[in-house]
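A short worksheet on the structure shown next.
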Amino acid sequence: MTAKTPDGKVVYHDSKIYMPVPQQLGRLDRMGRGPYDKSGILVDWALHPLEEKKEDYRILVPAKEGKPESLEYIVEFELWYHPFGKKDDYSQLWRKTTQKIKFTSKEPY
């Protein structure tokens, strides 16, 4: 998830990873025998078919002298499939969504 100002300046970036954790070598980015081997799963953090996930992101808006730099942001969300636990030649982009968010305030700054 990335939040940008209309001129392209990135003000926030974060990512979440959902994947099964195998028993052998299930630390850091090493998947051991691969995510397809679910016989030794200790914890299942995978995103399963038809399963919905809700994630909350708290974005702090940069400000100068008490006024926000921008009241409009472009937020991009990407959902990737990494078959071997990291972005490589086999990774696939499943979905990408871009949304414009505009903040309004009735109070003067």
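In straight Cα distance, which lysines are under 28 Å from K4, not counting same-chain residues fewer than 8 positions off?
K16, K53, K54, K64, K67, K86, K87, K96, K100, K102, K106
According to a simple spin-label model (label point 7 Å from Cα along Cα-to-Cβ), what is the distance in nm between T5 and K64?
0.7
Peptides 80-88, 7-15: what's the order by average Cβ count within 10 Å, highest mean first?
80-88, 7-15
Could you go through region 85-93 in sequence order and give the Karplus-derived ³J(HN,Hα) for each residue, using 6.51 cos²θ - 1.76 cosθ + 1.60 with θ = phi - 60°, rounded to whole Hz, and x for Gly and Pro?
Residue by residue, region 85-93 yields x, 8, 6, 8, 5, 8, 5, 10, 7 Hz.
I'd like the accessible area for I17, computed on protein heavy atoms only with a 1.4 Å probe and all protein chains in place. Round to 10 Å², please.
The accessible area comes out at roughly 120 Å².
According to a simple spin-label model (label point 7 Å from Cα along Cα-to-Cβ), what is the distance in nm between W80 and T98?
Roughly 1.8 nm, to one decimal.
The values are calculated or read from the model by the stated rules, or taken from the named source; none is laboratory data. Here the structure is a predicted model, which means the values were calculated and not measured. Here Cβ is always computed from backbone atoms with ideal geometry, including for glycine, and neighbour counts include all displayed protein chains. These accessible areas exclude ligands, DNA and RNA; they are computed on the full protein's heavy atoms, side chains included. Shrake-Rupley method; radii C 1.70, N 1.55, O 1.52, S 1.80 Å.
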